[in-house]
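The values are calculated or read from the model by the stated rules, or taken from the named source; none is laboratory data. Everything quoted here is computed from the prediction, not taken from an experiment. Ideal geometry is used to build each Cβ from the backbone, glycine not excepted, and the neighbour counts take in all protein chains shown.
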Amino acid sequence: MKENLRVAIIQSELIWENPAENRKLFDEKINRVKKEVDLIVLPEMFSTGFSMHVETLAESTEGESFGCLKKWAKQKQACVTGSLMVKENGKYYNRLYFVFPDGTYKTYNKRHLFSLAKEEQIYTAGKEKLIVTYKDWKICPLICYDLRFPVFARNTEDYDLLILVANWPEKRISAWDALLKARAIENMCYTVGVNRVGEDGKGFEHAGHSAIFNGLGKQISNPFHHHTNFTEVIALEAEHLTEIRHQFGFLKDRDGFKLNH
């Protein structure tokens with residue numbers, strides 16, 4: 001039988017375009033997690049903030065920040081995930097790493113690039129959706145703006161957990177709140193959203209609102225994480241998904257479709 005999955009969400013300010021200081025910051029935060037965890041979720045571009053200055057900040061595919069992800073995963077014997085700006089074969093990616101305790105990893109390149117900030121002029125879009133299997137949980141990790149596109153996120157794979165890592169600004173935080181809940185309901189899955197707090201180098205304020213919703217759209221994390229640095233560990237109950245999917249069966253009635261990349 002599938003066991004419960006203990007997830008730590010870390011909502012934090014980010015030090016603008018300072019990878020060394022951000023690595024130190026998260027090193028301290030992760031070391032302070034004393035509860036046993038299976039998965040640790042960090043924000044989007046956790047080492048820099050949502051920057052376009054790739055020429056000076058982008059790391060190699062297995063650079064220092066990736067090395068920290070491997071170190072943290074080994075130390076905590078837990079998976080660790082978050083996104084980084086990465087250069088590979090002359091192209092730049094907003095790349096999520098999902099690192100396992102043994103040092104192996106999977107990657108996902110952000111599919112929907114944020115045109116309002118001209119992200120698509122700097123970064124190359126990913127094409128493939130990633131489904132990770134860990135402790136019998138099927139997990140779909142996505143990045144920030146992907147949240148606005150339910151077709152790409154649609155649960156055609158019967159995944160159990162949807163993850164969104166983000167630098168989502170306060171001025172549109174109501175959309176973040178609503179869409180996280182909607183993705184949980186329509187996909188009958190746990191949904192974890194981890195956002196940053198604080199002002200970035202472009203003057204945009206971030207309010208956080210990191211949250212975990214169950215498969216019926218009920219928030220099971222503390223609802224008061226507004227403009228605060230915090231870490232919270234929540235156990236996702238496998239039985240909850242089994243029960244609601246058996247009782248309601250909404251996923252069986254979903255539309256079939258083919259996604260053109």
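With CYS189, CYS144 as the choices, which residue is farther than 20 Å from SER65 by Cβ and not aliphatic (A, V, I, L, M)?
It is CYS189.
Of all residues in segment 158-186 being acidic (Asp, Glu) and outside any helix (DSSP H, G or I), which is surrounded by the fewest Cβ atoms within 10 Å (Cβ to Cβ)? If you could, list the steps in order and put the result at the bottom.
Initially, segment 158-186 is screened for residues acidic (Asp, Glu), giving 158, 160, 170, 177, 186.
Now drop any that are not outside any helix (DSSP H, G or I), which leaves 158, 160.
Values: ASP158: 13, ASP160: 26.
Top of the filtered list is ASP158.
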Every residue from segment 204-243 that is touching a His at 6+ places or on another chain (Cβ under 7 Å) and loosely packed, with under 15 Cβ neighbours inside 10 Å = HIS226
query = Given the structure, is TYR108 farther than 25 Å from ARG6 by Cβ and assigned to a strand (DSSP E or B)?
reply = no
note = (1) surrounded by fewer than 20 Cβ atoms within 10 Å (Cβ to Cβ); (2) in a strand (DSSP E or B) all hold for ILE139 apart from (1)
Inter-residue pairs, beta-carbon under 6 Å, first under 15 Å from SER83 (Cβ atoms) and in segment 51-73, second assigned to a loop (DSSP other than H, G, I, E, B) and of a type in the set (A, V, I, L, M), 6+ apart = MET52/ILE122; VAL54/ILE122
ask   = Looking at LEU147, LEU179, LEU116, which one is touching a strand residue (DSSP E or B) at 6+ places or on another chain (Cβ under 6 Å) and of a type in the set (A, V, I, L, M)?
value = LEU147
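Any chance you could count how many residues in segment 7-35 are part of a helix (DSSP H, G or I) and not polar (S, T, N, Q)?
Restricting attention to segment 7-35, the residues satisfying the condition of being part of a helix (DSSP H, G or I) are 19-31.
Filter once more, so that each one left must be not polar (S, T, N, Q): 19-21, 23-30.
So the count comes out to 11.
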inquiry  = So ASN155 passes all but one of these: (1) among the polar types (S, T, N, Q); (2) in a loop (DSSP other than H, G, I, E, B); (3) buried (at least 24 other Cβ atoms within 10 Å of the Cβ). Which condition number does it fail?
reply    = (3)
task = Report yes if GLU120 is among the charged types (D, E, K, R), assigned to a loop (DSSP other than H, G, I, E, B) and surrounded by fewer than 21 Cβ atoms within 10 Å (Cβ to Cβ), otherwise no.
result = no
message = For segment 50-80, give me the residue count where each residue is buried (at least 24 other Cβ atoms within 10 Å of the Cβ) and out of contact with any helix residue (DSSP H, G or I) (no Cβ under 8 Å at 6 or more places or on another chain).
response = 2
inquiry  = Restricting to segment 88-105, give me the number of residues that are polar (S, T, N, Q), closer than 25 Å to TYR134 by Cα and either in a loop (DSSP other than H, G, I, E, B) or out of contact with any strand residue (DSSP E or B) (no Cβ under 9 Å at 6 or more places or on another chain) (or both).
reply    = 1
request  = Would you mind finding the one in VAL192, VAL197 that is modelled with pLDDT of 95 or more, buried (at least 17 other Cβ atoms within 10 Å of the Cβ), in contact with a Gly (Cβ under 8 Å, 6 or more places away or on another chain) and of a type in the set (Val, Ile, Thr)?
outcome  = VAL197
inquiry  = Given the criterion closer than 21 Å to PRO141 by Cα, in contact with a Leu (Cβ under 7 Å, 6 or more places away or on another chain) and part of a loop (DSSP other than H, G, I, E, B), identify the matching residue among SER83, SER51.
reply    = SER51
